[in-house]
Amino acid sequence: MPTLYALKPAFQARLRPLADRLAGAGVTANQITLLAAALSIATGLVVAILAGYPLVFLLMPVVLFVRMALNAIDGMLAREHGQASKLGMYLNELCDVVSDLALILAFATLFPAWGVVAFAIAAVLVEFAGVLGVAAGSGRNYAGPFGKSDRALALGVIGFLIACGLWVETITPFVFPVMATLSLVTAINRIRSGLRAGDA
């Protein structure tokens with residue numbers, strides 16, 4: 001199914017000059033990975049603590065975009081500058097999950113907590129299903145429709161609408177359960193895709 005992940009090569013092309021400069025300055029992929037996680041955790045905490053001030057939710061689209069950029073950069077540093085490592089693989093996957101949880105759970109301050117928690121769990125399952133493709137011999141799977149980039153866009157839009165006072169309260173109870181459902185569909189698609197690739 002279509003996913004924003006398909007735009008990653010074009011996004012990386014824009015960021016490649018910056019990645020090259022960072023590599024020249026001695027910055028490592030693992031440092032960028034940890035920076036993205038620290039930024040996400042800090043943002044989640046700030047938004048949760050200051051959720052009574054709608055403008056704080058403007059941090060979400062900004063930080064989510066920066067996080068996506070950092071994720072692209074750490075991948076380029078690893079692949080294109082000889083920095084790939086087993087430690088980096090673990091850091092990349094674990095920090096992605098921690099970052100997702102920190103940013104998603106911050107929304108429990110304004111939305112029904114059960115829906116937000118369900119979406120957080122489903123997001124973890126999506127990434128787990130994707131990385132299990134490596135163990136199954138079919139490679140890391142990025143099937144849609146609601147992967148990491150799609151989640152980031154959705155959360156960024158929600159944060160922007162809240163900050164600008166444009167959020168429609170009548171849909172509040174449904175948004176996170178719907179995203180949780182889309183995430184479960186994504187996890188199933190990744191498992192199916194991995195199984196088909198393994199049988200090929």
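The values are calculated or read from the model by the stated rules, or taken from the named source; none is laboratory data. Remember, predicted model here, so these are calculated numbers, not experimental data. Cβ sites come from the backbone with ideal geometry, for glycine too, and all protein chains shown count toward neighbours. Heads up: the accessible areas ignore ligands, DNA and RNA and are worked out on the full protein's heavy atoms, side chains in. Shrake-Rupley method; radii C 1.70, N 1.55, O 1.52, S 1.80 Å.
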Residue 26 being at pLDDT 95 or above and at positive phi:
yes
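Which residue out of 13, 6 is of a type outside the set (Ser, Thr, Tyr), under 18 Å from the mean Cα position of the chain (by Cα) and modelled with pLDDT under 95? First the steps, then the outcome.
Values: 13 fails: under 18 Å from the mean Cα position of the chain (by Cα).
Selected residue: 6, the only one of 13, 6 that is of a type outside the set (Ser, Thr, Tyr), under 18 Å from the mean Cα position of the chain (by Cα) and modelled with pLDDT under 95.
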How many residues does region 127-157 contain that are open to solvent by less than 20 Å² (accessible area, probe 1.4 Å) and among the basic types (Lys, Arg)?
1
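Looking at region 158-181, which of the residues that are open to solvent by 70 Å² or more (accessible area, probe 1.4 Å) and either within 17 Å of residue 64 (Cβ to Cβ) or among the charged types (D, E, K, R) (or both) is farthest from the chain's Cα centre (by Cα)? Break it down into steps so the answer makes sense when it comes.
Step one: of region 158-181, the residues open to solvent by 70 Å² or more (accessible area, probe 1.4 Å) are 160, 166, 168-171, 174, 178, 181.
Remaining after also requiring either within 17 Å of residue 64 (Cβ to Cβ) or among the charged types (D, E, K, R) (or both): 160, 169.
Values: 160: 17, 169: 25 Å.
Restricting to residues being open to solvent by 70 Å² or more (accessible area, probe 1.4 Å) and either within 17 Å of residue 64 (Cβ to Cβ) or among the charged types (D, E, K, R) (or both), the top hit is 169.
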Just for region 19-70: of the residues that are of a type in the set (Ser, Thr, Tyr) and without any contact (Cβ under 8 Å) to a residue 60 or more places away in the chain, which one is most open to solvent (accessible area, probe 1.4 Å)?
53
Which one of these does residue 197 not meet: (1) surrounded by fewer than 19 Cβ atoms within 10 Å (Cβ to Cβ); (2) modelled with pLDDT of 95 or more; (3) over 24 Å from residue 55 (Cβ atoms); (4) out of contact with any Phe, Trp or Tyr (no Cβ under 9 Å at 6 or more places or on another chain)?
(2)
Restricting attention to region 92-114, does a residue exist that is within 24 Å of residue 7 (Cα to Cα), assigned to a loop (DSSP other than H, G, I, E, B) and at pLDDT below 95?
no
Can you name the condition, by its number, that residue 165 falls short on among (1) modelled with pLDDT of 95 or more; (2) in a helix (DSSP H, G or I); (3) over 20 Å from residue 120 (Cβ atoms)?
(2)
Given (1) buried (at least 18 other Cβ atoms within 10 Å of the Cβ); (2) of a type in the set (D, E, K, R); (3) not in a helix (DSSP H, G or I), residue 190 misses just (3)
Can you spot a residue in region 71-89 that is open to solvent by less than 70 Å² (accessible area, probe 1.4 Å), closer than 20 Å to residue 157 by Cα and touching a residue at least 24 places away in the same chain (Cβ under 8 Å)?
yes
